[in-house]
Amino acid sequence: MRRKLVVGNWKMHGSPGRNRDLLEAIKPALQSLEGRVEIAVCPSFPHLADTRAILAGSRIGLGAQNLFSFGEGAMTGEVSASMLADAGVGLVIVGHSERRGRLGETDAQTADKFAAARKAGLVPILCVGETRPERDAGETAAVVLRQLDAVIDNQGIAALDKAVLAYEPVWAIGSGDPATPEQAQAVHALLRGRLKQRSGKIADEIRILYGGSVNAANAGELFAQPDIDGGLVGGASLQAREFIAICASAGS
Ligand code: PGA
């Protein structure tokens, strides 16, 4: 039985004061869900330490939104996996479509980041998803399987053990137009099927999150799908009431 996981991706939002207000609001409310659903938030790098301090004593996990694949060295402006681990980070998002699409990150770079995260003991959340033109052209399966295979071919199937996958259709992110539960379920089942060809155990155990305009109103129906194991939540994770309700739907 896979325990559901809800991860708040704060993106490039937040300030010390706003983060504190948000965390102080969600922390007590989410306490009653402990044991039923796993929850984490991913602030931007400068806010990791403060967030960690505020979360102390709670079971809400700390995630990061990105990392670089080098161990240590001359790479101005980048942050390594071991630096994140030292900062108390447990999870890290890799291959988010905003990095693939707007910053040009390739499948190969994503696979290297995934490997670096694992090596440092972090849980990578590998994001895959098609754009609107790709969906319209009937290329959804080819795109998401290519993005998944890039990691499996580079790292081997065992690298997916205890990792997390996130299906995030690019057209659904920040648009207010989520995939329908049926559309999402179909892609989640496809991804799990691909893993199953290599390892039944990993396919059964891996959490596949849905991301893209998840909110309090649609989370319940999405999370009720058999292959949807929680959510990667952007905009709605910045609003305490929305995020609490989304987490509650995952824990019910
Ligand atoms: P959204 O973002 O919930 O604001 O659509 C999700 C994401 O990009 O992870």
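Annotation: amide H of residue 68 within the under-5 Å range of 79, 80, 81, sequence separation 5 or more or interchain, hydrogens built in the peptide plane. Between amide H atoms placed 1.01 Å from N, distances below 5 Å from residue 233 occur with 7, 8, 9, all of them 5 or more places distant or on a separate chain.
Rounded to the nearest whole Hz, the Karplus-based 3J(HN,Hα) values (6.51 cos²θ - 1.76 cosθ + 1.60, θ = phi - 60°) of region 6-15 follow the sequence 10, 10, x, 9, 6, 6, 8, 10, x, 8, with x at glycine and proline.
Region 126-210 has equivalent-ellipsoid semi-axes of 22, 13, 11 Å, by the square roots of 5 times the alpha carbon gyration tensor eigenvalues, sorted largest first.
Which whole-number value in Å³ per residue fits the convex hull of the alpha carbons of region 26-115?
Working: hull volume 10.7 nm³, N = 90.
Hull volume normalised by residue count: 119 Å³.
Per residue, the average separation of C-alpha pairs within less than 8 Å and at least 6 apart gives region 58-150 a relative contact order of 28 percent. Restricted to Cα atoms, region 184-234 shows a radius of gyration and a Dmax of 11.4, 36 angstrom.
Look at the dipole of region 139-184 built from charges on Cβ: of 176, 160, 141, the Cα furthest out on the positive end belongs to 160.
Among 96-102, 127-133, how do they line up from the highest to the lowest mean number of other beta-carbon atoms within 10 Å? Each step should come with its number before you reach the end.
Details: 96-102: 18.4, 127-133: 20.3.
My ranking of the peptides, most packed first, is 127-133, 96-102.
Measuring against 18 Å, Cα to Cα, the residue pairs 119/196; 162/201; 162/196; 11/162; 4/162 contain 119/196; 11/162 as the ones spanning a longer distance.
If I take R0 = 30 Å and measure r between the Cβ atoms of residue 146 and residue 102 in this structure, what FRET efficiency does the formula 1/(1 + (r/R0)^6) give, to the nearest 0.05? Don't skip to the end; give the middle numbers.
Working: r = 19 Å, r/R0 = 0.64.
Taking R0 as 30 Å, the efficiency between residue 146 and residue 102 is 0.95.
Highest mean first, what order results for 74-80, 114-120, 210-216, 196-202 on Cβ atoms within 10 Å? Walk me through the numbers on the way to the answer.
Values: 74-80: 10.7, 114-120: 20.9, 210-216: 24.7, 196-202: 13.4.
Top of the packing list down: 210-216, 114-120, 196-202, 74-80.
Translational diffusion coefficient of region 1-158 at 10 °C, 1.306 mPa s, Stokes-Einstein with Kirkwood Rh over Cα pairs, in µm²/s as a whole number.
Details: Rh = 16.8 Å.
The calculation lands on 94 µm²/s.
Our coupling estimate for region 126-139, obtained by passing each phi through the Karplus curve with A = 6.51, B = -1.76, C = 1.60 and θ = phi - 60°, is 8, 8, 9, x, 9, 7, 4, x, 5, 4, 4, 8, x, 9 Hz, Gly and Pro reported as x. In region 1-121, Cα pairs under 8 Å separated by at least six residues give a relative contact order of 23 percent.
So how do 30, 190 line up by other beta-carbon neighbours within 10 Å, fewest first?
Values: 30 21, 190 16.
Ordered by Cβ neighbours within 10 Å, fewest first: 190, 30.
No value in this document is a laboratory result; all are computed from the given coordinates. The model shown is predicted, which means the values in this text are computed figures rather than measured ones. For neighbour counting, all protein chains shown are included, and Cβ atoms are generated from backbone atoms with ideal geometry for every residue, glycine included.
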